[in-house]
Every structure is written in C-alpha cells, then in structure tokens.
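Participant: This is the structure I have questions about; it appears just below.
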Amino acid sequence: MKKTSIIILILVIGIIAFVMWFVNNRFCCGPINQANTPPKTDYAYLLEFTFDKGETISVKYPYTFSPDQSLFTITQDVVTQKNWTFDFEDYGDMGVLVTQINDDINGQGQKYWQYFVDEQQPLISADKYYPQLGETINWKFQASEL
C-alpha cells in the first residue's frame, strides 16, 4: 500500500509540474514556436506646415512605429485627416515632388513646398526619406534656397 501511494504521489507531482510548465510557456510567452518579436510601441511625429501667409500649423501624427513609413506617406495621411488639398508629381527614380498642400501650389510667387528635418533641408525626396524618432518635420512654402 505504501509503495502504491508513493507512485501515485510521484505521478501527481509530475503531472502538476508538466501542467505548470505548459501553462507558463503557452500563456506567458505566446505559442511555443512563435518567433520573439519586440512589441510595437506608439509614437508621434511632429509635423509643422508653414503656409504662404506665414501661418504655421503644428500637427502631432501618431503612429505605430514602422520603418517602412516614408515622409511622403506620413504627410499624405496628415493632409487627408485635415481635409486639405494635396497634389504631387512622381518623377520615377528621382522621387515624388509635393506640389500642393491646401491652397498653396508650387510656383505661386516663386515659392515651392520644401521640407526640413530639425531645421536642415535633406537633399532627398519625401518618398525616400524615413523620419527617425524625435525629429521635427517642417513643410515650408517658400522660395527655394537651392
């Protein structure tokens, strides 16, 4: 009788240990064969639009961080949310040129839409620029300095 009780006790402890291990691996850390991917984190870009009459509108654009989101895509999303008119020209490998935001159209008064990142003007089209966290983007409608 004592031998049977010891065997049953060992089996019960073994089953409890297996169940605890299975539950911990299944519900704590996701499916056993799932690759460990870092969780997505919410961030916000700060975009500023400076229009012809000197009016600046600041927009915080929230997003779930994705390295494949170009400045062009972000700008297009913000402009759509604001219900502003938006137009552009696609120059193929050279990139996309933003030609209109709201009422300001390239060429009016020799002014053009240009973007700046932390007060510096990159020499790359908006569809090829991928903003980094913490950068302030400013779209300015002004005479070209280049």
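Participant: Would you call Val78 at pLDDT below 90 and among the β-branched types (Val, Ile, Thr)?
Facilitator: In short, yes.
Participant: Applying the selection to the stretch 119-146, what residues are open to solvent by 50 Å² or more (accessible area, probe 1.4 Å) and among the aromatic types (Phe, Trp, Tyr)?
Facilitator: Tyr130 - this is the single residue of the stretch 119-146 that is open to solvent by 50 Å² or more (accessible area, probe 1.4 Å) and among the aromatic types (Phe, Trp, Tyr).
Participant: Looking at (1) over 23 Å from the mean Cα position of the chain (by Cα); (2) modelled with pLDDT of 65 or more; (3) not acidic (Asp, Glu), which is the only condition Val23 fails?
Facilitator: (2)
Participant: Does Thr73 satisfy the condition of being in contact with an Asp or Glu (Cβ under 8 Å, 6 or more places away or on another chain) and within 18 Å of Val59 (Cβ to Cβ)?
Facilitator: It is true that Thr73 is in contact with an Asp or Glu (Cβ under 8 Å, 6 or more places away or on another chain) and within 18 Å of Val59 (Cβ to Cβ).
Participant: What's the total number of residues in the stretch 91-114 that are assigned to a loop (DSSP other than H, G, I, E, B), aromatic (Phe, Trp, Tyr) and open to solvent by less than 30 Å² (accessible area, probe 1.4 Å)?
Facilitator: Number of matching residues: 0.
Participant: Across the stretch 72-85, what is the total count of residues that are surrounded by 17 or more Cβ atoms within 10 Å (Cβ to Cβ) and of a type in the set (Phe, Trp, Tyr)?
Facilitator: Selection size over the stretch 72-85: 1.
Participant: Search the stretch 115-140 for residues being part of a loop (DSSP other than H, G, I, E, B) and among the hydrophobic types (A, V, I, L, M, F, W, C), and hand back the single one that is farthest from Tyr91 (Cα to Cα).
Facilitator: Checking each candidate, the answer is Leu133.
The values are calculated or read from the model by the stated rules, or taken from the named source; none is laboratory data. On a predicted model such as this, the values are computed, not experimentally measured, just so you know. Cβ coordinates were reconstructed from backbone atoms using ideal geometry, including for glycine residues, and neighbour counts include every protein chain displayed. Please note that ligands, DNA and RNA were not included when accessible areas were found on the heavy atoms of the full protein model with its side chains. Shrake-Rupley method; radii C 1.70, N 1.55, O 1.52, S 1.80 Å.
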